[in-house]
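Notes for the one structure printed next.
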Amino acid sequence: MSIVIDRRLNDRNKSASNRARFLRRYKEQLKKAVTDMVGERSITDMDQGGTVSIPVKDISEPSFGHGPGGDHESVHPGNRSFQPGDRLPRPSGGQGGGGGEAGEGGDGRDSFTFALSREEFLSLFFDDLELPHLVRNFLGEVRDHKWQRAGYTPSGVPANLAVLRSLRTAMARRIALGSPIRRELNRVEQQVTDEGASPKLEAERALLEQRLRKIPFLDDMDLRYRHRVRVPQPISRAVMFCLMDVSASMTEEKKDLAKRFFTLLYLFLTRKYERVQLVFIRHTDDAQEVDEDAFFHDPQSGGTVVLSALKLMQEIIAERFPSGQWNIYGAQVSDGDAFGADPEKSRALLAEQLLPQLRYFAYLETPDNPERLSPLMHAYSRIDSPHFATRSVTERGEVYPVLRDLFRKEAAA
Amino acid sequence: MSAILVTNTPAATVPGTAGSAPGESTPQLPLELSAGERLLSTGSEWTFELLGRYDEAIHAIAANEFGLDTYPNQIEVIASEQMLDAYASVGLPISYPHWSYGKEFIRNEHLYRKGARGLAYEIVINSNPCISYLMEENSLPMQALVIAHACYGHNSFFKGNYLFRQWTNADAIIDYMVFARKYVLDCEERHGHAAVEETIDSCHALMSHGVDRYRRPTPLSVSEECDRQREREAHAWRQYDEIWRTVPRKSASERRQGERPFPEEPQENLLYFVEKHAPKLEPWQRELVRITRKLAQYFYPQGQTKVMNEGWATFWHYTLLNRLFDHGQVDAGFMLEVLASHTNVITQRGYDQPGYGGINPYALGYGMMSDLRRICESPSDEDRHWFPDIAGGDWRQVLDFAMRNYKDESFIGQFLSPKLMREFHLFAVADHAGEPELRIDSIHNEDGYRRLRRLLAAQYNRDNQIPDIQVQHYERRGDRSLTLRHRQHRGRPLNGEASEVLKHLGRLWGFTVRLETVDEQDRPVGEVLSVG
């Protein structure tokens with residue numbers, strides 16, 4: 001007789017290890033596909049999975065087989081008008097004979113397309129990167145608390161009274177206290193039936209019954225209260241300030257570099273924090289808070305005053321993001337052209353007032369001439385803080401390595 | 001593995017084969033009112049109890065009425081994700097881990113999520129007990145169909161067909177795969193992922209040439225060996241003559257030259273040869289080669305009997321469920337759903353219709369099986385002429401005989417009837433390298449039947465599908481190089497992957513590997529590929 005088994009509760013992810021093996025094997029190709037995707041996405045869309053394609057020829061499994069050429073016949077169904085001896089043009093490109101291999105599903109044969117989950121996408125993106133001070137932020141500097149249930153306690157405020165639990169305790173107590181009396185009572189009644197009623201026994205019975213009645217239904221000691229404790233909670237939200245110089249000297253190319261840099265940083269943060277807010281501050285000689293689109297695409301003209309942006313950032317922090325409740329990150333992109341006292345003042349403001357409130361501040365420079373040390377970089381390079389880093393890039397390909405560099409695991413040490 | 005795929009076509013494009021099948025093809029409402037009492041169930045929701053009840057009813061008909069001989073069944077209900085998992089591990093419930101299974105899984109999952117492909121209704125494993133997977137999403141009529149199809153159709157085929165009997169060991173496959181999985185995992189731990197993966201990759205590349213088609217002689221036992229030795233000695237003693245001592249002996253170097261080549265005869269099982277003779281393989285690598293070879297051998301009969309196997313199973317789900325209906329155990333609504341799926345499965349699209357993917361093995365197999373029954377039950381003059389042996393015979397015996405003793409190639413060659421060729425509108429296209437255009441070789445007419453049948457049978461011949469590549473020579477005393485010979489079949493060259501495969505073989509072999517190509521007269525063709 002057949003056996004019917006319900007296997008639906010079995011492990012559903014039997015192929016996970018095979019899938020992981022596949023991803024591991026084609027990591028290089030996948031990374032490339034992922035990097036291509038970055039260019040096309042907006043910063044906030046970045047933290048989703050996505051569909052990637054890798055060339056089929058890279059993942060094919062070869063085997064001996066017949067190639068085109070030689071003589072062969074193939075049999076097909078559905079003849080309508082052919083007669084023996086009819087001639088047909090050879091189909092171009094495909095296998096001779098329009099053979100059995102045709103129409104093997106409409107999916108493109110040139111690339112192998114599939115969806116990466118968000119986690120897979122991000123981990124390919126970041127690979128072995130790790131945000132600095134992360135451990136400390138999560139476990140060390142606890143500044144938030146949450147109430148959490150922690151069982152029951154015999155004391156508390158009436159609002160927290162656990163009725164069911166209290167009654168249950170009361171019942172247990174009544175049973176426990178009453179049972180010796182009831183045992184005694186049973187004995188007495190047994191005696192009454194055995195020996196007949198006597199005043200002595202009646203009195204004894206009345207006494208016992210009275211004792212039984214005197215056991216209180218509810219006692220102070222029965223009361224139970226829901227217990228709640230405050231548990232420390234890591235701050236799970238972050239704000240990221242994107243500061244960019246949009247003066248005339250920042251070309252589209254440089255803005256593209258900036259976008260990639262901000263994107264990467266944003267992705268990092270979303271991976272580590274539940275919620276990440278973005279604040280875009282652009283500046284020429286005056287700073288403004290704008291939305292993402294305007295930030296990257298609105299052409300502006302004017303001079304460069306870095307200090308204005310830093311000051312605006314400071315104001316916004318004071319106003320909306322108290323540093324006790326937010327993990328604050330800053331990222332600044334500029335071509336480094338600053339004039340007069342501006343670089344020095346900026347350095348002072350950043351080092352003395354902003355940095356103590358920040359988790360991290362990264363400055364990325366996109367210089368016209370990589371050889372020359374820009375005034376801003378010159379000033380910034382004197383800031384000595386583990387929460388601060390500067391780098392200079394000129395090409396697209398350098399952005400990612402720079403990020404790796406900035407946030408390398410060792411940096412935390 | 002064998003599976004019914006959900007075709008995404010509307011059932012409207014059903015060829016004539018479905019309607020013309022003999023037997024109880026049109027469901028009618030049960031006549032007597034009392035039939036309702038015999039209904040197994042109403043409604044389309046399934047429960048475990050109902051599955052058991054249907055299985056019992058189908059079993060009763062299959063075993064008692066039609067005498068199907070089956071392994072015991074183990075029916076497992078799974079969810080769609082698990083079905084995707086089962087796909088990936090080539091239909092076995094357990095397999096060793098490898099990236100290519102991951103690739104398969106990702107591909108199927110992607111197609112499934114996009115809606116480009118439905119899932120198989122079932123997967124059935126050639127094991128004892130025979131394991132069949134049912135999907136939880138299916139309705140009750142579908143589950144019954146799958147039970148009839150897999151648990152009685154495929155199951156009896158696995159148990160009866162000579163190829164399966166000869167080449168697969170249904171009792172041991174699951175245990176063997178458990179061992180294989182553990183072995184591969186252990187190897188990964190001991191020798192690293194990369195090394196194991198490399199070896200398995202190389203074996204997979206050679207899997208199509210890792211199959212024995214003929215039994216090796218069983219090794220002699222010690223006593224047999226002794227007997228033989230005694231016989232030889234006695235023979236030498238009887239033949240002894242002093243005169244042979246006067247013949248001058250060859251010098252050592254001459255003897256060396258005259259040494260017989262190795263292997264003495266070409267070997268077609270490349271994986272076997274590698275396993276036994278590769279000079280550089282570590283023992284654990286040899287075991288991996290063996291595991292993949294065993295797996296290839298296990299699947300060998302399935303590849304050879306696709307049409308028959310599916311045809312047999314489809315024929316039986318159709319016959320068994322109709323019989324249930326005749327008994328009044330299921331109602332017309334149930335039958336309608338079954339027939340809708342059934343026609344979907346046996347849809348054969350024409351060569352010029354969208355989605356044409358070659359001849360549908362379900363359609364051809366089912367067509368031939370029910371045609372055989374028709375030939376037995378109501379033969380026409382044409383049938384009597386073509387099939388004098390079986391026309392008018394007992395269809396159960398004929399079908400049973402065919403199932404036990406044929407594979408696709410011989411089955412088609414023997415039993416494809418002109419009527420079916422006409423129904424399928426079969427035609428053959430010749431693609432000859434010497435001619436600038438394709439030519440219609442033959443069609444479904446009086447002149448063409450025999451040739452068409454031969455060509456279709458040849459299409460299922462393994463020799464036509466897989467190039468003939470054999471081990472020609474192993475230079476044991478020299479540079480240890482290995483020479484393979486590809487004998488072209490009617491001038492068909494190898495595809496572009498040959499050099500890649502050769503690299504894989506080179507990796508396993510460890511020394512130079514050459515691949516030479518000869519034509520059917522053993523004249524060399526093209527250049528010799530060489531690796532290492």
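Bear in mind these aren't lab numbers, they're just calculated from the coordinates by the rules spelled out. What you see is a predicted model; the values in this text were computed from it and never measured. All Cβ positions, even for glycine, are placed from backbone atoms using ideal geometry, and neighbour counts span all protein chains on display.
At B:A79 and A:N13, where each label point lies 7 Å from the Cα along Cα→Cβ, what is the point-to-point distance in nanometres?
Using points 7 Å along Cα→Cβ, the separation is 1.2 nm.
If you take every DSSP beta bridge whose two residues both sit in chain B, what share of them, in percent to the nearest 5, is antiparallel?
Antiparallel bridges: around 65 percent, rounded to the nearest 5.
With the Cα gyration tensor of the protein assembly as shown giving a ≥ b ≥ c as the square roots of its eigenvalues, does the rule (a/c under 1.5 for rounded; else a/b larger than b/c for prolate; else oblate) give rounded, prolate or oblate?
It is oblate, given that a/c is not under 1.5 and a/b is not larger than b/c.
Can you give the extra length, in nm with one decimal, that the chain gains between A:Q325 and A:S117 once fully stretched, where that is 0.36 nm per residue apart less the Cα-Cα distance? All intermediate terms of the calculation are to be shown ahead of the outcome.
Numbers: separation 208, 0.36 × 208 = 74.88 nm, distance 3.07 nm.
Value of the extension gain: 71.8 nm.
Quick one: which residues, 5 or more positions from B:L494 or on another chain, have an amide H under 5 Å from its amide H? H modelled 1.01 Å from N in the peptide plane, none for Pro or chain starts.
Amide H to amide H, under 5 Å and 5 or more residues apart or across chains, B:L494 pairs with A:G67.
Based on alpha-carbon centroids, what's the gap between the stretch B:399-419 and the stretch A:301-380 in Å, whole number please?
Centre-to-centre distance over Cα atoms comes out at 83 Å.
Using DSSP, restrict attention to beta bridges with both residues in the protein assembly as shown and report what percent are antiparallel, rounded to the nearest 5.
Values: 48 of 91 bridges.
The answer is about 55 percent antiparallel.
For the pair A:S381 and B:S139, how long in nm is the line joining their label points, each one 7 Å along Cα→Cβ?
Simple spin-label model gives 7.7 nm for this pair.
If each DSSP helix of 4+ residues adds -39,500 (n - 2.57) and the sum is divided by the residues in chain B, what number results at 222 nm, nearest 500 deg cm²/dmol? If you can, show how the numbers build up before the last one.
Numbers: 24 runs with 263 residues, N = 532.
Rounded to the nearest 500, it is -15000 deg cm²/dmol.
Using 0.36 nm times the number of residues separating B:T47 and B:H385, minus their current alpha carbon distance, what extension gain do you get?
On the way: separation 338, 0.36 × 338 = 121.68 nm, distance 5.06 nm.
Taking B:T47 through B:H385 to full extension adds about 116.6 nm, to one decimal.
DSSP loop trypsin sites (Lys or Arg not before Pro) in the stretch A:307-392 with at most 14 other Cβ atoms within 10 Å of their Cβ, which ones? Mind showing how you got there, number by number?
Numbers: sites: A:K311, A:R320, A:K345, A:R347, A:R359, A:R372, A:R382, A:R391; in loops: A:R359, A:R372, A:R382.
In loop regions of the stretch A:307-392 (DSSP not H, G, I, E or B), the sparsely surrounded trypsin sites (Lys or Arg not before Pro) are A:R372, A:R382.
Percent relative contact order of chain B, based on C-alpha pairs within less than 8 angstrom and at least six residues apart? Intermediate results must be reported in sequence, preceding the final value.
Working: 751 pairs, mean separation 98.4, N = 532.
Taking the mean separation of contacting Cα pairs over the length of chain B, I get 18 percent.
Pick out, from B:Y474, B:G496, B:L515, the residue whose Cα sits farthest towards the positive end of the charge dipole of the stretch B:466-531, with +1 on the Cβ of Lys and Arg and -1 on the Cβ of Asp and Glu.
B:Y474
Starting with the fewest neighbours, write out B:L206, B:L399 ranked by other beta-carbon atoms found within 10 Å of each beta-carbon.
Exposure proxy ranking, most exposed first: B:L399, B:L206.
Once both labels are modelled 7 Å past Cα along the beta-carbon direction, what's the A:Q353-B:R396 spacing in nm?
9.9
Run the numbers for B:R190 and B:R523: contour at 0.36 nm per residue of separation, minus the present Cα-Cα distance, in nm.
Residue separation times 0.36 nm, minus the Cα-Cα distance, leaves 115.2 nm.
What fraction of the DSSP beta bridges in the stretch B:466-531 is antiparallel, stated in percent and rounded to the nearest 5? All intermediate terms of the calculation are to be shown ahead of the outcome.
Details: 12 of 18 bridges.
Counting DSSP beta bridges with both partners in the stretch B:466-531, the antiparallel share is about 65 percent.
Using the beta-carbon distance between A:T251 and B:L336 and R0 = 60 Å, what value does 1/(1 + (r/R0)^6) give for FRET efficiency, to the nearest 0.05?
In this case the efficiency is close to 0.30.
Report the Cα centroid-to-centroid distance between the stretch B:483-520 and the stretch B:260-302 in angstrom, as an integer.
16
Note down the relative contact order for the stretch B:93-143 as a percent, whole number, built from C-alpha pairs under 8 angstrom at least six residues apart.
Numbers: 22 pairs, mean separation 10.0, N = 51.
Once divided by the residue count of the stretch B:93-143, the mean separation gives 20 percent.
Hey, got the dipole for the stretch B:267-359? About the Cα centre, +1 on K and R Cβ, -1 on D and E Cβ, debye to the nearest 20?
Computed charge dipole of the stretch B:267-359: roughly 540 debye.
Residues with beta-carbon under 10 Å from that of B:H193, excluding B:H193: net charge, scoring Lys, Arg +1 and Asp, Glu -1? It would help to have the intermediate numbers written out before the result.
Numbers: positive: A:R21, A:R24, A:R25; negative: B:E188, B:E189, B:E197, B:E198.
Surrounding charge for B:H193 is -1.
What does the net charge come to around B:R53 if you take all other residues with beta carbon closer than 14 Å to its beta carbon, with K and R at +1 and D and E at -1?
-3
Rounded to the nearest 20 debye, what is the charge dipole size of the stretch A:234-412 about its Cα centre when +1 sits on each Lys and Arg Cβ and -1 on each Asp and Glu Cβ?
880
Within the stretch A:204-229, what residues put their amide N at less than 14 Å from the label point 7 Å along the Cα-to-Cβ vector of A:R165?
Flagged as within label range: A:222-229.
Tell me which of A:P91, A:V163, B:Y300 sits at the most positive position along the dipole axis of the protein assembly as shown, charges placed on C-beta atoms (Lys, Arg +1; Asp, Glu -1).
The Cα lying farthest towards the positive end belongs to A:V163.
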